[in-house]
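Scroll down for the structure; my scribbles are underneath it.
The values are calculated or read from the model by the stated rules, or taken from the named source; none is laboratory data. Computed from a predicted model, the values in this text were never measured in an experiment. Methodologically, a virtual Cβ is constructed for each residue, glycine included, from the backbone with ideal geometry; neighbour enumeration extends over all protein chains shown.
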Amino acid sequence: MATLDLVQSLALAKKYGVALAPHVLVKEESEAGKACRKIGFPLVLKLVSSEVSHKTEVKGVVLNVGDEAAALKEFRRMKKLPGFKGVVVQPMVRGLELIVGGKRDEQFGPTVLFGLGGIFVEVFKDLSLRICPLTRADAEEMLDEVKAAKLLKGFRGAKPVNRKQLVDLILHAGRLMEKEGVQELDLNPVIANEKNVWAVDARVIK
């Protein structure tokens, strides 16, 4: 099995229609400043590495970068990390953190899961699972099955997330699992708000 790097994983997700947050790959410091000005602040910097699969373990994800000087300082630090291939620059997207993932089961074949994302995956393990191929009704049911369903509909004054886009993203992930023969897909987090549902990170194991 081989783990694709961040850029390769994002490209594969995009191929199947998964909506991605705007992002720019930079490999040199001279490109980094330009990319940061284009994306705008605050922003996120993410390491792209051929050797590091869990970016957070080496501080390969830096959130809420507020200015160009701070961004360039972090870029220089990341450039020294193992297997450096570049840094992805993204806007700091706000919304509910979700996970859409997939796993190839020995008995059932490709499956898709959905639930609360970010750090909450490990804490609450609030997930819904389906075997591929998925129908739109399957994806709708997945949203309603999790304990976090209330959060999707808007809770304590928060606006509901864009449900159609979220269902679309789950269906696209299902197609990727079916067609590509990958072992694992991890879109975490997927950031959902009332306007957009975007995958801001991706990890694929083939």
Of the residues in the range 1-16 that are closer than 17 Å to Ile99 by Cβ and either among the small types (Gly, Ala, Ser) or in contact with a Pro (Cβ under 7 Å, 6 or more places away or on another chain) (or both), the one that is surrounded by the most Cβ atoms within 10 Å (Cβ to Cβ) is Ala13
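Residue-wise test of (1) in the same structural domain as Glu141 (by TED's automatic domain parsing); (2) surrounded by fewer than 16 Cβ atoms within 10 Å (Cβ to Cβ); (3) aromatic (Phe, Trp, Tyr); (4) under 24 Å from Ala11 (Cα atoms).
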{"site": "Glu29", "(1), (2), (3), (4)": "no, yes, no, yes"}
{"site": "Leu45", "(1), (2), (3), (4)": "no, no, no, yes"}
{"site": "Val48", "(1), (2), (3), (4)": "no, no, no, yes"}
{"site": "Val65", "(1), (2), (3), (4)": "no, no, no, no"}
{"site": "Phe75", "(1), (2), (3), (4)": "no, no, yes, yes"}
{"site": "Lys79", "(1), (2), (3), (4)": "no, yes, no, yes"}
{"site": "Gly102", "(1), (2), (3), (4)": "yes, no, no, yes"}
{"site": "Glu106", "(1), (2), (3), (4)": "yes, yes, no, no"}
{"site": "Leu127", "(1), (2), (3), (4)": "yes, no, no, no"}
Looking at Val204, Val161 in this structure, which one is within 26 Å of Val62 (Cα to Cα), of a type outside the set (Gly, Ala, Ser) and part of a strand (DSSP E or B)?
Val204
Only one of (1) surrounded by fewer than 16 Cβ atoms within 10 Å (Cβ to Cβ); (2) without any contact (Cβ under 8 Å) to a residue 12 or more places away in the chain fails for Ala70. Which number is that?
(1)
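Table: residues versus (1) touching a Pro at 6+ places or on another chain (Cβ under 8 Å); (2) not aliphatic (A, V, I, L, M).
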site: Ala70; (1), (2): no, no
site: Met78; (1), (2): no, no
site: Pro91; (1), (2): yes, yes
site: Arg94; (1), (2): no, yes
site: Val100; (1), (2): no, no
site: Asp105; (1), (2): no, yes
site: Leu113; (1), (2): no, no
Of the residues in the range 164-187, those that are at pLDDT 95 or above and outside any helix (DSSP H, G or I) come to Val182, Gln183, Glu184, Leu185, Asp186, Leu187
Being within 30 Å of Ser30 (Cβ to Cβ), in contact with a helix residue (DSSP H, G or I) (Cβ under 7 Å, 6 or more places away or on another chain) and assigned to a strand (DSSP E or B) narrows Val100, Val62 down to just Val62
Can Lys38 be described as under 27 Å from Ala192 (Cβ atoms), of a type in the set (Lys, Arg) and not in a strand (DSSP E or B)?
yes
Matching residues in the range 188-200 (of a type outside the set (Lys, Arg) and in a loop (DSSP other than H, G, I, E, B)) number 4
